[in-house]
There are 2 protein chains.
Amino acid sequence: MLIRSLLHRAIHDGTMLLRNHQKCSTVWRETRHCSALVYREHSHNIDTVRMEQLLLPPVADRSVRVHMLAAPVNPADMNMIQGSYPILCPLPAVGGNEGVGEVIEVGSDVTSLRPGDWVVPIDAGFGTWRTGAVCEEDEIISVPKDVSLLGAATIFVNPCTAYRMLHDFQTLSPGCTVIQNASNSAVGQAVIQIAAALGLKTINIIRDRPNCAELIDELQSLGADYVVTEEEVMSTGLHRVFEEVPKPKLGLNCVGGLSGGLVFSNLDYGGTMVTYGGMAKRPLQIPKSFIFHNVTLTGFWLTQWKRKHREVQLKAMLNAVCDLMRDGQLSAPHCIQTPFHQYTHALQATVQSHSRKHVLIM
Amino acid sequence: MLIRSLLHRAIHDGTMLLRNHQKCSTVWRETRHCSALVYREHSHNIDTVRMEQLLLPPVADRSVRVHMLAAPVNPADMNMIQGSYPILCPLPAVGGNEGVGEVIEVGSDVTSLRPGDWVVPIDAGFGTWRTGAVCEEDEIISVPKDVSLLGAATIFVNPCTAYRMLHDFQTLSPGCTVIQNASNSAVGQAVIQIAAALGLKTINIIRDRPNCAELIDELQSLGADYVVTEEEVMSTGLHRVFEEVPKPKLGLNCVGGLSGGLVFSNLDYGGTMVTYGGMAKRPLQIPKSFIFHNVTLTGFWLTQWKRKHREVQLKAMLNAVCDLMRDGQLSAPHCIQTPFHQYTHALQATVQSHSRKHVLIM
């Protein structure tokens, strides 16, 4: 699936692309230039991604000029650069799909936004790793400015994925249980917090690791009720947990393979397992018994949801997640803030390990 | 899960169990005896199943005496005898879960049935391999007598499974496509016919076999639009088919393993795969891509559906399936009629191969 990127459109609209590697200009407000992280081919070599100077088009009647403030580096961004994501931008493209910017200038027909507003792009493919952008009004949506910058920059992929999965697949009332793997991921952390705010109990599966006790403390401080390693679930099961809480009606699987099976096999009769990632790169193995356990398996991809739910539902979701942030019930993920020009380090770290999320600060 | 069988209840109610191996009596109408195929332990050895004479209880106010006419031998019946089915009868038990009988006598408070009616048991565990039974009115439901005996005897498991799967998981309008494996099974044949009656197109996957052309002809004569072997799907795909019909919104999987994957991977975006069997005894492998294809996987087990949908919906389904039979749109599966006392042959054949269905004629 190909999507048109802002850069692609800039090129096709006849605006000039400057290829010199200048450092991000601090006088961007006065110029029509921006710095952007551009890739011209799909490759696993991150040197493919280089900072370039782009010339932005003038603001038209229905368009908006934005100064990007902060943009995370997500694994999916790297998959897009590598060419292995289900949606790809036409090349050359600017990397990054998520981030927050400030509105600088609006066209005469723009009604929903004003200079000074914070905005986030609605769809994947925006190319958020840039200092500035000119886009159509309907490509972005405002977020309240009373959430943190990191919160706003990372609100629209992971917390919203967690929010939707907790709301759309099972009717869960306080006291119900949710089980998940990849519990330390950004989505996993958001699941823990949003579930706690909803009065739900969470069983959080993690991979065994050297700093396990520390991680368990950290997730519990977010509101996790149970944190268990894959090895514990495999060896002793969750019988003790199920003496205290009901079996989960909802399972969230970001790993696949064996770990997905642990989520699946501990679901309650009639439960649903939602798969939103495949970190293990191994297929999920579904035993025949799922016929009799009346379990449903489904996938969730927020990008697709957003395409179908514009306007009211999109805004309602953003407001609900911002409310949780404002109330202190949902914190931004633990991030490493990286100055924009040090992007190489952020990209490398994202590709190489399951490190903390890097957020580029423009 | 344990279910109370009629035999179990008979024993607990104090009625006598005669263990001599008498041939089925032709004077059953005058006696309170019946012949039944009883198993006293779970075993893969079919000699465990033996014909015994049972003494039936008298007909009480709300009970009904039935003379069984015909009862199929289904693979699930054999799994129950082997102890590998998710519901098991307390031992000793009478085999068989499906069949048609004629009402001989009704209790004074019975309102829904009259002598002469044809009836089928609603739940699994009835023990249909017997010449006679006394049961509660609400354990059986009448079927019209203008369908064939074999049709009535085999209506309530396979055609109803096909009917539900075609109605409950996707909204399918004429011209939509359904893909299935195990297309030559009793359910598969019913799917072909009911789908054709609904104006749906079917893609039917079969295993390669010596008499392939013959089988293809047979399924096409039932209304199959496309019949393809697993090997063909794997080697050349279904591109040609999809030049003529849309990709399927609904996939039906009775096999699992590789074959289940062929159904899954040819589904349309947003499709549903319903798994109702695992003949290959291999787990279904679900690739990560199902997140992006928005495919849902679910299991279906008619026994469970029946427990939740009594009275009106049960009757409506039976009537709809009988209407299809009466209109010539749904034929009984190709069966081998076996005299009751030759049951050993029918059981052996069902265990040993994917032979045609045997129906015991009482």
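The values are calculated or read from the model by the stated rules, or taken from the named source; none is laboratory data. Every value quoted in this text rests on a predicted model; they were computed, and no experiment measured them. Cβ: placed from backbone, ideal geometry, glycine included. Neighbour counts: every protein chain shown.
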Considering only residues that are in contact with a Pro (Cβ under 8 Å, 6 or more places away or on another chain) and in a loop (DSSP other than H, G, I, E, B), which ones fall in the stretch A:158-194?
A:GLY175, A:CYS176
How many residues does the stretch B:274-292 hold that are at the interface with chain A (Cβ under 7 Å from one of its Cβ atoms) and farther than 12 Å from B:ALA182 by Cβ?
9
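Mind checking which residues of the stretch B:65-113 are of a type in the set (A, V, I, L, M) and under 19 Å from B:ARG40 (Cα atoms)? Steps first, answer last, please.
Restricting attention to the stretch B:65-113, the residues satisfying the condition of being of a type in the set (A, V, I, L, M) are B:66, B:68-71, B:73, B:76, B:78, B:80-81, B:87-88, B:91, B:93-94, B:100, B:103-104, B:106, B:110, B:113.
Once the filter is applied, which keeps residues that are of a type in the set (A, V, I, L, M) and under 19 Å from B:ARG40 (Cα atoms), the stretch B:65-113 yields B:VAL73, B:ALA76, B:MET78, B:MET80, B:ILE81, B:ILE87, B:LEU88, B:LEU91, B:ALA93, B:VAL94.
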Could you say whether any residue in the stretch B:195-210 is in a loop (DSSP other than H, G, I, E, B), outside the structural domain of B:ARG50 (by TED's automatic domain parsing), in contact with a Ser or Thr (Cβ under 6 Å, 6 or more places away or on another chain) and surrounded by 20 or more Cβ atoms within 10 Å (Cβ to Cβ)?
no
Of all residues in the stretch A:246-264 being closer than 19 Å to A:GLN170 by Cα and surrounded by fewer than 19 Cβ atoms within 10 Å (Cβ to Cβ), which is farthest from the other protein chains (Cβ to nearest Cβ)?
A:PRO246
Single unsatisfied condition, A:SER289 versus (1) out of contact with any strand residue (DSSP E or B) (no Cβ under 9 Å at 6 or more places or on another chain); (2) assigned by TED's automatic domain parsing to the domain that holds A:SER221:
(1)
Restricting attention to the stretch B:159-171, report how many residues are of a type outside the set (Ser, Thr, Tyr) and closer than 12 Å to B:LEU330 by Cα.
3
Can you name the residue in the stretch A:156-180 that is of a type in the set (Val, Ile, Thr) and within 19 Å of A:ALA76 (Cα to Cα) and, of all such residues, is modelled with the lowest pLDDT?
A:VAL157
I'd like to check which strands (runs of 3 or more DSSP E) are fully inside the stretch B:266-362 and have at least 2 residues that are closer than 22 Å to B:ASN97 by Cα and touching a residue at least 12 places away in the same chain (Cβ under 8 Å).
B:335-339, B:357-361
Filter result for B:GLY271 (closer than 29 Å to B:CYS176 by Cβ and either in contact with a Lys or Arg (Cβ under 7 Å, 6 or more places away or on another chain) or within 14 Å of chain A (Cβ to nearest Cβ) (or both)):
yes
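Given the residues B:THR229, B:THR177, which is the only one that is closer than 28 Å to B:GLN304 by Cβ and either over 15 Å from the mean Cα position of the chain (by Cα) or buried (at least 23 other Cβ atoms within 10 Å of the Cβ) (or both)?
Details: B:THR229 fails: closer than 28 Å to B:GLN304 by Cβ.
The conditions single out B:THR177.
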Does any residue in the stretch A:238-251 that is farther than 13 Å from A:PHE264 by Cα come within less than 7 Å, Cβ to Cβ, of a residue that is among the hydroxyl-bearing types (Ser, Thr, Tyr) six or more places away or on a different chain, and which pairs are these?
A:VAL241/A:TYR226; A:VAL245/A:THR177; A:PRO246/A:THR177
Filter the stretch B:293-317 for residues that are within 7 Å of another protein chain (Cβ to nearest Cβ) and of a type in the set (A, V, I, L, M); the one that is nearest to the chain's Cα centre (by Cα) is B:LEU297
Scanning the stretch B:111-138 for residues that are crowded, with 19+ Cβ neighbours inside 10 Å and among the hydroxyl-bearing types (Ser, Thr, Tyr), the one farthest from B:MET68 (Cα to Cα) turns out to be B:THR128
Pick from the stretch A:319-360, criterion β-branched (Val, Ile, Thr), within 17 Å of the chain's Cα centre (by Cα) and surrounded by fewer than 19 Cβ atoms within 10 Å (Cβ to Cβ), ranking: modelled with the lowest pLDDT
A:VAL351
Name, by its number, the condition in (1) in contact (Cβ under 8 Å) with a residue 60 or more places away in the chain; (2) in a strand (DSSP E or B) that does not hold for B:VAL228.
(1)
Leading residue by the ranking (modelled with the highest pLDDT) among those in the stretch A:259-316 that are closer than 22 Å to B:GLY270 by Cβ and in contact with a Pro (Cβ under 7 Å, 6 or more places away or on another chain)
A:GLY271
Does B:LEU238 fit the bill of being within 26 Å of B:MET325 (Cβ to Cβ) and away from every other protein chain (no Cβ under 14 Å)?
no
Working only within the stretch B:58-85, note down all residues that are surrounded by fewer than 17 Cβ atoms within 10 Å (Cβ to Cβ) and not aliphatic (A, V, I, L, M).
B:PRO58, B:ASP61, B:ARG62, B:PRO75, B:ASN79, B:GLY83, B:SER84
Could you list, in sequence order, all residues of the stretch A:185-194 that are buried (at least 24 other Cβ atoms within 10 Å of the Cβ) and touching a strand residue (DSSP E or B) at 6+ places or on another chain (Cβ under 7 Å)?
A:GLY188, A:VAL191, A:ILE192
